[in-house]
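**Q** Just dropping this structure here.
Just so you know, all these numbers are worked out from the coordinates, no wet-lab data involved. Just so we're clear, the structure is a prediction, and the values are computed from it rather than from any experiment. Neighbour counts run over all protein chains shown; Cβ positions are idealised from the backbone, glycine included.
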Amino acid sequence: MTEATSSKSVPDDEALRLIGSVPAWYHRIAVRPGIVTPGTTDAASVLDRLHLPTDCSGLRAIDIGARDGFFSFELERRGAEVVAVDYMPRQGTGFDVAARLLGSSVEYRQENFYRLRSAELGKFDLVLCLGILYHLPDFLGALRIARDLCRGRLYLETLALEQPVRADGVADVPILQYFPMRERANDRTNFWAPNLRCVVDMLEDSEFRILRSEQQGDRVLVVAAVVDDPDRRYYWNIATGVDYPA
Ligand SMILES: C[S@@+](CC[C@H](N)C(=O)[O-])C[C@H]1O[C@@H](n2cnc3c(N)ncnc32)[C@H](O)[C@@H]1O
């Protein structure tokens, strides 16, 4: 019996019990007709704006900071081979329950962003870094890792500075605001908010070419393609030594 078949054998009342056993859902995931997990965020609207390929057959995708797995499961539905990564265990979020109810075969890795390497995982056509960058203390190091994993496109969505920061109204300067512990939403896992220009500049310096970027309120979304820039890589490598992927 396949996993997909066995998921249907879970009766609706058991499905609802499993969903209710997850203390906090982040994603609203339609696990079967009429049953949606009670998430608090609007991932569907981010998905609309990402413009991911509708047919992902033959593509490898990695969803870093997957949480309950909304984007991982959507990529799987579109035909991609998907690796979901989060430093939380899969039973610590809604991922395990959602995967079971969907009959998903997405590979889950409990791992820290900073430990991901293409030498171990291989390269990915689609790299998703959604809602995670502002949780990472070393922004450029994370982008370098995303670049190492990527052989196609990066989809990045993050908290961002909403307002022009300079008094003279000049907003087109790359700016990164640091949040001392708990300053942002009383959440100790929040470190940084860049403005859109800063995200774009840092991506370009991390060997990406910007395909599309947009800002909505305090969130930005950027789609970028990998490029090879040995000159930038050389200066990155001499600056960081051996701890990051070359
Ligand atoms: C705000 S949620 C975003 C979930 C999803 N990507 C989305 O956009 O809806 C951030 C997720 O990233 C995970 N996370 C934060 N820092 C991480 C790190 N250093 N390594 C791996 N996962 C991390 C958290 O556990 C959480 O599940």
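**Q** Output ³J(HN,Hα) for the stretch 97-109: one whole-Hz value per residue in order, computed from phi by the Karplus curve 6.51 cos²θ - 1.76 cosθ + 1.60 with θ = phi - 60°, and x for Gly and Pro.
**A** In residue order, the calculated couplings are 5, 4, 4, 5, 6, 8, x, 7, 10, 4, 7, 10, 10 Hz.
**Q** Over the Cα atoms of the stretch 1-124, Rg to Rh with Kirkwood Rh, two decimal places? Present the calculation step by step, with values, prior to reporting the outcome.
**A** Working: Rg = 14.3 Å, Rh = 15.0 Å.
Taking Rh as the inverse mean 1/r over Cα pairs, Rg/Rh reads 0.96.
**Q** With +1 assigned to the C-beta of every Lys and Arg and -1 to the C-beta of every Asp and Glu, and no other charges, what is the dipole magnitude of the stretch 60-118 about the Cα centre in debye, to the nearest 20? Intermediate results must be reported in sequence, preceding the final value.
**A** Numbers: 9 positive and 9 negative charges, 22 e Å.
Magnitude of the dipole: close to 100 debye.
**Q** Which whole-Hz ³J(HN,Hα) couplings does the stretch 20-30 yield from phi under the Karplus relation 6.51 cos²θ - 1.76 cosθ + 1.60, θ = phi - 60°, glycine and proline marked x?
**A** Here the 3J(HN,Hα) series is x, 7, 8, x, 9, 8, 9, 9, 8, 10, 7 Hz.
**Q** Over the stretch 75-121, what is the relative contact order in whole percent, taking alpha-carbon pairs under 8 Å and six or more residues apart?
**A** Relative contact order, the stretch 75-121: 45 percent.
**Q** Additional query: Using the crude model of +1 on Lys and Arg Cβ and -1 on Asp and Glu Cβ, and no other charge, please compute the dipole size for the chain relative to its Cα centre, in debye to 20.
**A** Working: 29 positive and 36 negative charges, 48 e Å.
Value, rounded to 20: 240 debye.
**Q** With a 10 Å cut-off between alpha carbons and a GNM built on the chain, which of L47, L101, L221 moves the most?
**A** Answer for the Gaussian network model of the chain: L47.
**Q** Relative contact order of the stretch 1-107: what whole-number percent is it, with Cα pairs under 8 angstrom and at least 6 residues apart?
**A** Once normalised by length, the contact order is 31 percent.
**Q** For the chain, what is the relative contact order in percent, using Cα pairs closer than 8 Å and at least 6 residues apart in sequence?
**A** 15 percent
**Q** With +1 on each Lys and Arg Cβ and -1 on each Asp and Glu Cβ, how big is the dipole of the stretch 61-182 about its Cα centre, in debye rounded to the nearest 20?
**A** Around 200 debye, computed over the stretch 61-182.
**Q** Label-point separation (nm) for D172 and M88, each offset 7 Å from Cα along Cα-to-Cβ?
**A** 4.0 nm
**Q** Further, regarding this structure: For D12, D68, what ranking results if the residue with the fewest other Cβ atoms within 10 Å of its Cβ goes first?
**A** Numbers: D12 11, D68 29.
Ascending number of Cβ neighbours within 10 Å: D12, D68.
**Q** Okay, next question. Starting from 0 in steps of 5 Å, tell me what percent of the Cα-Cα pairs of the chain lands in each bin.
**A** 1, 6, 13, 17, 19, 16, 12, 8, 4, 2, 1, 0, 0, 0
**Q** Pull up all non-local amide H partners of A160: gap of 5 or more, or a different chain, and H-to-H distance under 5 Å with H placed in the peptide plane.
**A** For A160, the qualifying residues are R219, V220.
**Q** With labels modelled as points extended 7 Å from the Cα through the Cβ direction, what inter-label distance (nm, one decimal) is found for S21 paired with L47?
**A** Roughly 2.5 nm, to one decimal.
**Q** Within 10 Å of each residue's Cβ, count the other Cβ atoms and sort H27, H51, H135 from fewest upward.
**A** H51, H135, H27
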